[in-house]
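Please read the structure below before turning to the comments.
The values are calculated or read from the model by the stated rules, or taken from the named source; none is laboratory data. These numbers were taken from a predicted model, which means no experiment stands behind them. Positions of Cβ are backbone-derived with ideal geometry, glycine not excepted, and every protein chain shown enters the neighbour counts.
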Amino acid sequence: MAMEMRQQLKMTQQLVMTPQLQQAIKLLQLTRLELQDVVRQELEENPLLEETLEVDEIRENEQAELTEKEETPEVPSDDFKEVEAGDETLRDWDSYLDGYTYSSGEQYREDEDRPSLESLMTRRGTLADHLLWQLHMGPFSEDEVCIGEEIIGNIDDDGYLRASLEEIAAACSKETECVIPVLERIQEFDPCGIAARDVRECLLIQARFMGMQGSVVERILQNNLKDLETRKYKQIARDLSVDIDEVLMAAKIIGGFDPKPGSLYNSEDVHYISADIFVYKVGDEYLVMLNEEGVPNLKISPYYAEAKTNGLVDSRADEYINDKVRSALWLIKSIQQRQRTIYKVAKSIVRFQRDFLDRGIEYLRPLVLRDVADDIGMHESTISRVTTHKYMQTPQGLFELKYFFNSGLSTSEGEFVASESVKNRIREIIEKEDPKKPLSDQKIADMLSGQTVNIARRTVTKYREILKLGSSSERKRHF
């Protein structure tokens with residue numbers, strides 16, 4: 001059969017992620033401190049990009065220029081108006097130099113109105129939060145998620161599973177055989193070694209993660225862990241019929257494993273953060289302001305514009321200048337777009353959560369990404385990026401933007417109440433209970449049902465564990 005080559009025209013649609021678009025997406029999800037680092041690096045690498053004066057000085061200069069223009073008749077600009085018309089990038093440098101200066105404008109500046117340091121404290125996510133996030137992000141069925149949540153709820157601070165497979169199966173009304181494959185998949189979660197039932201299993205999980213199946217390391221963990229603890233290296237070598245040097249090398253590797261993989265997520269270190277958005281109540285309205293402190297105000301240097309206009313650059317330098325101008329302009333526009341997007345998202349959240357801002361957590365409204373996306377005409381993925389590691393200072397305190405997005409539980413009145421609000425009610429009920437006769441999860445569920453919240457006992461248990469509150473037997477006090 002003869003082969004032949006043909007040319008064929010074909011129209012297709014595809015999404016192209018240009019470097020500029022990738023940069024814009026990256027800037028969108030950066031924290032304010034990370035944004036400062038990116039800007040500083042770009043200032044070092046791009047000679048056409050420079051910081052402007054302080055905001056007040058800029059305003060004075062702009063006012064002086066306006067006054068001068070009123071007194072002086074218009075003359076042709078000495079900047080890039082004389083560049084050939086085909087060069088769109090450089091032709092309108094006047095507007096770029098004047099209009100694309102990135103400044104904080106009328107943003108929050110008063111020191112005396114700043115929140116106290118105590119209100120800026122936050123703690124890192126818990127081990128349960130980290131594991132639940134991985135569980136809900138993975139390809140698990142509804143039944144597997146139920147089993148997984150029960151497993152994670154029984155993992156202690158060191159990362160060990162403190163409930164038997166039978167107990168987990170009974171709590172989920174499932175067979176024990178259904179629990180085993182879910183546990184094995186959770187044991188593949190980060191941090192490595194999690195959900196083990198004893199130290200041996202914890203270390204074996206880490207060894208297998210490093211591809212050491214069948215090695216001396218695995219054999220020692222399976223058969224000679226006690227000998228390893230007492231450093232009976234010769235005994236181990238005889239039992240495994242290997243050279244003692246191999247035993248010593250394996251012992252060194254095992255010594256590098258973490259016997260408490262969950263401890264990293266239970267540190268009590270306190271971290272200080274600064275808000276990205278400030279919300280103030282002025283009269284009956286809420287005012288949203290961005291925190292621009294620390295982000296340099298950017299502009300394009302006029303020095304190179306003058307050099308080009310005066311013919312002081314050759315063709316290679318001209319190409320270099322054009323490239324750096326495009327890079328600088330895109331960075332400035334991307335930062336401006338980032339700030340506008342954060343502002344729009346914050347305004348939308350304030351509109352949706354007005355009752356929470358007025359009256360507290362009991363009135364937090366169920367909210368999902370799609371609600372805000374539809375409100376401001378953006379995609380859900382954009383909203384997700386904006387809310388990552390961004391914080392809002394409100395009259396109710398400092399909150400991560402993700403805090404305002406939560407699922408809802410139905411009420412007997414046909415409405416919905418936010419899950420965070422229900423968690424708060426559970427905490428309040430437990431705080432007010434008689435320590436001699438603590439309430440069971442079923443009793444708490446019944447009490448919430450009396451408050452019109454439709455909630456299952458299993459959900460109460462899950463929320464209680466997320467709040468790090470013990471079971472009724474653990475909370476009972478004997479006086």
Failed criterion for Asp258 (all others in (1) in the same structural domain as Asp358 (by TED's automatic domain parsing); (2) closer than 22 Å to Thr126 by Cα hold): (1)
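So which of Ile186, Ile180 is touching a residue at least 12 places away in the same chain (Cβ under 8 Å), closer than 21 Å to Trp133 by Cα and under 30 Å from the mean Cα position of the chain (by Cα)?
Exactly one of Ile186, Ile180 is touching a residue at least 12 places away in the same chain (Cβ under 8 Å), closer than 21 Å to Trp133 by Cα and under 30 Å from the mean Cα position of the chain (by Cα), namely Ile186.
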Residue that is among the small types (Gly, Ala, Ser), surrounded by 15 or more Cβ atoms within 10 Å (Cβ to Cβ), at pLDDT 80 or above and in a helix (DSSP H, G or I), where the choices are Ala346, Ala305: Ala346
Tabulated pairs, region 244-268, first modelled with pLDDT of 90 or more, second basic (Lys, Arg), C-beta under 7 angstrom, 6+ apart or interchain: Ile244/Lys234
Helices (runs of 4 or more DSSP H) completely within region 73-192 that count 2 or more residues being at pLDDT 85 or above and not assigned by TED's automatic domain parsing to the domain that holds Glu51: 127-137, 142-153, 165-171, 176-186
Residues located in region 175-215, provided they are surrounded by 13 or more Cβ atoms within 10 Å (Cβ to Cβ) and small (Gly, Ala, Ser): Gly193, Ala195, Ala196, Ala207, Ser215
Count of region 415-457 residues which are touching an Asp or Glu at 6+ places or on another chain (Cβ under 8 Å), buried (at least 19 other Cβ atoms within 10 Å of the Cβ) and not in a helix (DSSP H, G or I): 1
Subset of region 284-302 (residues that are farther than 18 Å from Gln339 by Cβ and exposed (fewer than 15 other Cβ atoms within 10 Å of the Cβ)): Asp284, Glu285
Residue list for region 235-256, filter: surrounded by 11 or more Cβ atoms within 10 Å (Cβ to Cβ) and not in a helix (DSSP H, G or I): Val242, Asp243
Residues being more than 18 Å from Ala128 (Cβ to Cβ) and in a loop (DSSP other than H, G, I, E, B) - total across region 193-202: 1
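Condition check ((1) modelled with pLDDT of 85 or more; (2) under 19 Å from the mean Cα position of the chain (by Cα); (3) of a type outside the set (Lys, Arg); (4) within 17 Å of Arg354 (Cα to Cα)) across all residues:
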residue	(1), (2), (3), (4)
Ile383	yes, yes, yes, no
Gln396	yes, no, yes, yes
Tyr403	no, yes, yes, yes
Val417	no, no, yes, yes
Leu439	yes, no, yes, no
Gln451	no, no, yes, no
Ile455	no, no, yes, no
Sole residue being surrounded by fewer than 19 Cβ atoms within 10 Å (Cβ to Cβ), under 30 Å from Leu204 (Cβ atoms), touching a strand residue (DSSP E or B) at 6+ places or on another chain (Cβ under 9 Å) and charged (D, E, K, R), chosen from Lys260, Lys226, Lys281, Lys232: Lys260
